[in-house]
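**Q** I'd like to ask you about the structure that follows.
The values are calculated or read from the model by the stated rules, or taken from the named source; none is laboratory data. Bear in mind that the values here come from a model prediction, so they are computed numbers and not experimental data. As a convention, Cβ positions derive from the backbone with ideal geometry for all residues, glycine included, and neighbour counts pool all protein chains shown. Note: areas computed on protein heavy atoms with side chains; ligands, DNA, RNA excluded. Shrake-Rupley method; radii C 1.70, N 1.55, O 1.52, S 1.80 Å.
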Amino acid sequence: PPRQKRWPFINKINKNLLPGCIECRMSIHAKKPNTLLVDDDDFALMCLRGIFESHFSDTDNIPLTECSCGQQAVEALLGSSTDENRYELLMLDYELHDMTATEVLRKVQNAASQNLKLPFVVIISGNVMEGARRSELTQLGAKFFVEKPLTAAAMGLILDNVTALRVV
């Protein structure tokens, strides 16, 4: 069935982003966002990859890069400054073994040249993110906050909004 019937709450968000444009919303699903998945837990990475792949009917050529620590993520983000290899979505675990998501985002912003544009940043955490921590992450570019375990419905919401923002 079409996505708008399976998850009606997604249409409400997308209608705000693309008023009255159902055809456009459906066509943008063909382009998969270049995505960086960052988690220090191999099982969590496997689950994220599986949920991401299940969102698309064609799982060939899904542009996914996986990192298992914050330093790898910083290097990957700083190395993706051209339009061809720029990440459009960053799924970032908050608590990595070498640094936090806050430190990753801060290092990227401090080291980045003016032409580096941060991707759509989604912070994943095993705990509820509230208060000063959430506010600081938002100032550093985080757009969504989700709790583990990440569900297919939550991933669908994220992917639909990343692709919708791409054409706005």
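**Q** Given H placed 1.01 Å from N in the peptide plane, which residues other than close sequence neighbours of E66 have an amide H under 5 Å from its amide H?
**A** Amide H to amide H, under 5 Å and 5 or more residues apart or across chains, E66 pairs with L37.
**Q** Starting from the Cα-Cα distance between S54 and R106, subtract it from 0.36 nm times their residue separation and give me the gain in nm to one decimal.
**A** Stretched fully, the S54-R106 segment lengthens by 15.6 nm.
**Q** Once you put a point 7 Å from the Cα of Q139 and another 7 Å from the Cα of F43, both along the Cβ direction, what distance in nm separates them?
**A** If labels sit at Q139 and F43, their model points lie 3.6 nm apart.
**Q** Sticking with this structure for a sec: Using the per-residue mean of other Cβ atoms lying within 10 Å as a proxy for protection, in what order, highest first, do the peptides 126-137, 36-47 fall?
**A** 36-47, 126-137
**Q** Shifting gears a bit: At a 1.4 Å probe radius, carbon and sulfur cover how many percent of the accessible area of region 83-140?
**A** 41 percent
**Q** Still on this structure, I have one more. Rounded to the nearest 0.05, what FRET efficiency do E75 and T151 have when you use their Cβ-Cβ distance and R0 = 35 Å?
**A** 0.70
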